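Peer 1: Just passing along the structure, written as structure tokens.
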Amino acid sequence: MTAHEIDYEIFGEEMQYVEIELDPQEIVIAEAGSFMMMENGIQMQTIFGDGSQQQSGFMGKLLSAGKRMLTGESLFMTAYQNQNMRKSKVSFASPYPGKIIALDLSQQNGKFICQKDAFLCAAKGVAVGIEFSRKLGRGLFGGEGFIMQKLEGDGMAFVHAGGTLAKRELAAGEILKVDTGCIVGFSQTVHYDIEFIGGIKNSIFGGEGLFFATLQGPGTVYIQSLPFSRLADRIIASAPRSGGSNREEGSLLGGLGNLLDGDNRF
């Protein structure tokens, strides 16, 4: 193996965190902002890119960092190395309610494709790169854009999904149709494309957008019930207006509610 062999345990139900057990000198890399806690003797170091062995010199690190910018991530990642002479633990938390998925990349033929903000942490040696969509339609309407993340290597990697997680094992030729924002990730053997929903009423009044994703097996697919974009839209819709009054569910009933509460502002 080229990646460090790390042990782990996932805790919690709705707001999970993963605890990584590092042997002496072992390293785990993580996104900025995912750190939760660690035992004394673990050293943090900010690095360009992902610190994988695929990088060579400063230009290789700079290229890796530049690729991360294309996925909307920071130029830097954080490496956590166990400097103790005994095993030590470091933990990373999920950013919003959902599930943490543990991926053994050696069982994924060395590569797994996921949405841009799904990566949480991984053993050192796992390369966090970008996966370009080769089809214009998929890039424009696929929800994830032209660029997705790819995790490559033979070590453990951890990604985060919002809400409840669904795992599907697709047989060869089997097709699963999914809301574009609900895709967490899939095996490299899965063919990903988009499809027009069709029908004027569906397109105009359906409320589900104009396109959905089609995932064709063979391979493993992970689906999330609560994409962060959907959660953010609901929070923004419920945020107070500039005038200070709350946005109600339905203008007429909301106005009646304001009257009953003694609030005459509409």
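The values are calculated or read from the model by the stated rules, or taken from the named source; none is laboratory data. This is a predicted model, so every value here is computed, not measured. Virtual Cβ from ideal backbone geometry, glycine too; neighbours counted across all protein chains shown. Just so you know, the surface numbers come from the protein's heavy atoms only, side chains and all, with ligands and any DNA or RNA stripped out. Shrake-Rupley method; radii C 1.70, N 1.55, O 1.52, S 1.80 Å.
Peer 1: Restricting to segment 93-124, give me the number of residues that are small (Gly, Ala, Ser), surrounded by 19 or more Cβ atoms within 10 Å (Cβ to Cβ), over 13 Å from the mean Cα position of the chain (by Cα) and part of a loop (DSSP other than H, G, I, E, B).
Peer 2: Here the count works out to 0.
Peer 1: Across segment 172-215, what is the total count of residues that are more than 24 Å from Ser106 (Cβ to Cβ) and either under 23 Å from the mean Cα position of the chain (by Cα) or at pLDDT below 85 (or both)? Before the answer, list the steps.
Peer 2: From segment 172-215, those more than 24 Å from Ser106 (Cβ to Cβ) are 173-182, 193-214; that's our starting set.
From what's left, either under 23 Å from the mean Cα position of the chain (by Cα) or at pLDDT below 85 (or both): 175-182, 193-214.
Residues meeting the conditions: 30.
Peer 1: Ok, one more. Can you tell me how many residues within segment 15-32 are within 22 Å of the chain's Cα centre (by Cα) and outside any loop (DSSP other than H, G, I, E, B)?
Peer 2: Matching residues across segment 15-32 total 9.
Peer 1: Of all residues in segment 52-83 being open to solvent by less than 30 Å² (accessible area, probe 1.4 Å) and either modelled with pLDDT of 95 or more or in a strand (DSSP E or B) (or both), which is nearest to Val184 (Cα to Cα)?
Peer 2: Once the filter is applied, the top-ranked residue is Met77.
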